[in-house]
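The values are calculated or read from the model by the stated rules, or taken from the named source; none is laboratory data. Treat the numbers as computed from the prediction; the structure is a model and nothing was measured. A quick note on method: Cβ atoms are made from the backbone with ideal geometry, for glycine too, and the neighbour counts reach across all protein chains shown. Each accessible area value is taken on the protein alone, full model and side chains, heavy atoms only, with ligands, DNA and RNA left out. Shrake-Rupley method; radii C 1.70, N 1.55, O 1.52, S 1.80 Å.
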Amino acid sequence: MKKTVLMLFALILSISLTACGSSAGSGSAASPKDSPKAAPAAGDTKAAATTDSGTKDKKKKRIAYVAGITTDAFYISMKFGAEEVAKKLDVDLIWTGAPEWDYTKQTPIVDSLIAEKVDAIIIAPNDAKAMVAPLKKAMNAGIPVFTVDTNVSDDSAYVANVTSDNLQGGKLGANTLAKEIGEKGKVLVMNTKPGITTTDDRQKGFLEEIKKYPNIQVVATEYCDDQATIAAKKTQDILLANPDLSGVFAANVVSGAGVAQGLRVKNVQDKVKLVSYDAGPEQVKSLKAKELQAIISQKPLEEARIILQMTYDYLNGKKDVKKITVLENVSVTPENIETPDVQQWLYRTK
């Protein structure tokens with residue numbers, strides 16, 4: 001009997017030790033990183049969708065495009081060009097910007113894109129100096145910045161820039177206006193804001209080129225703060241002081257619209273010749289109505305196509321990019337406006 005009890009006790013002890021050994025082996029053989037991730041609970045479609053979406057998003061490049069101003073026909077045209085290329089490249093394009101030209105409103109947009117960790121930022125900076133710090137912040141965060149149309153004063157704040165040849169455009173405006181007024185008379189330059197690389201260069205090009213005409217006098221260079229009503233008022237003031245004004249060069253679409261309005265108020269649109277930058281719908285309408293004698297048109301759709309393709313290529317390893325790419329402007333007149341070569345560069349809003 002005693003022998004039987006001892007044998008039974010040994011059997012129970014053996015079974016117990018075997019069970020404990022299995023438990024320890026299981027714990028040491030499978031580390032946490034080798035354990036499969038828990039699958040979403042049955043019916044948890046939200047969790048499943050999040051997982052699928054995250055995987056999909058990682059395959060796409062998320063490129064933000066910050067317009068200089070969202071309400072301008074030039075930048076609306078850019079949007080069409082950017083969307084065209086984004087669709088072709090399967091890029092997640094984030095189109096954004098402020099409805100006013102104001103670097104204090106553009107800066108927080110850049111900050112939010114940095115926080116979102118987008119793959120790259122394309123931007124038309126609102127100020128050559130003030131936007132340096134926000135763009136450098138993005139670059140330092142590992143987000144490459146590409147500038148389009150306008151630019152900043154520090155070339156370490158961006159990878160590359162695509163823009164119009166604004167000096168050439170200003171000179172083209174000077175020669176066009178000189179021809180319209182018979183190479184003699186008084187002229188006004190209406191600009192938008194100082195400190196914007198594009199319009200500063202247009203003004204510079206115009207003033208340099210107009211010196212070639214000794215019988216033309218520039219009576220004033222005015223700034224309208226990118227407000228058409230201010231441009232209209234200043235045009236009327238200049239006309240009061242210079243009733244013999246012969247012509248006006250307007251450096252952007254807003255200043256051009258304001259000058260045209262001021263000339264209409266004074267009923268001198270047939271007498272004072274106007275050459276305006278940008279081929280927006282209102283400018284084209286004014287040209288056909290002979291309230292404008294010529295338009296200096298940029299190529300916003302092409303700028304957008306080039307900069308988005310360049311950014312995409314850079315993100316995919318093509319780091320050797322051209323620092324500055326410059327596109328020539330086109331002079332649009334009543335004589336050539338219906339030709340296909342010119343029609344392709346007129347700005348789109350829909």
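Quick rundown of the values:
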quantity	calculated
Test result for residue 143, in a loop (DSSP other than H, G, I, E, B) and either surrounded by 17 or more Cβ atoms within 10 Å (Cβ to Cβ) or modelled with pLDDT of 95 or more (or both)	yes
Pairs where the first residue, in region 232-243, is closer than 10 Å to residue 272 by Cβ and the second is assigned to a helix (DSSP H, G or I) and open to solvent by less than 60 Å² (accessible area, probe 1.4 Å), C-beta under 7 Å, 6+ apart	235/258; 235/259; 235/262; 235/263
Subset of region 109-125 [closer than 26 Å to residue 327 by Cβ, part of a loop (DSSP other than H, G, I, E, B) and open to solvent by 10 Å² or more (accessible area, probe 1.4 Å)]	119
Residue under evaluation residue 254, criteria (1) buried (at least 24 other Cβ atoms within 10 Å of the Cβ); (2) within 14 Å of residue 188 (Cα to Cα), criterion not met	(2)
Test for residue 176: is it in contact (Cβ under 8 Å) with a residue 12 or more places away in the chain, open to solvent by less than 50 Å² (accessible area, probe 1.4 Å), out of contact with any helix residue (DSSP H, G or I) (no Cβ under 8 Å at 6 or more places or on another chain) and in a helix (DSSP H, G or I)	yes
Extreme residue, surrounded by the fewest Cβ atoms within 10 Å (Cβ to Cβ), among residues of region 88-100 that are in a loop (DSSP other than H, G, I, E, B) and out of contact with any Lys or Arg (no Cβ under 7 Å at 6 or more places or on another chain)	99
Candidate set: region 101-143, residues that are acidic (Asp, Glu) and without any contact (Cβ under 8 Å) to a residue 60 or more places away in the chain; chosen: the one nearest to residue 76 (Cα to Cα)	102
Residues (assigned to a strand (DSSP E or B), under 25 Å from residue 126 (Cα atoms) and open to solvent by 60 Å² or more (accessible area, probe 1.4 Å)) located in region 179-235	223
Long-range neighbours under 9 Å by Cβ, at least six apart or interchain, first residue among the acidic types (Asp, Glu) within region 318-346, second in a loop (DSSP other than H, G, I, E, B)	328/165; 328/299
Failed criterion for residue 268 (all others in (1) more than 25 Å from residue 161 (Cβ to Cβ); (2) open to solvent by 10 Å² or more (accessible area, probe 1.4 Å); (3) part of a helix (DSSP H, G or I) hold)	(3)
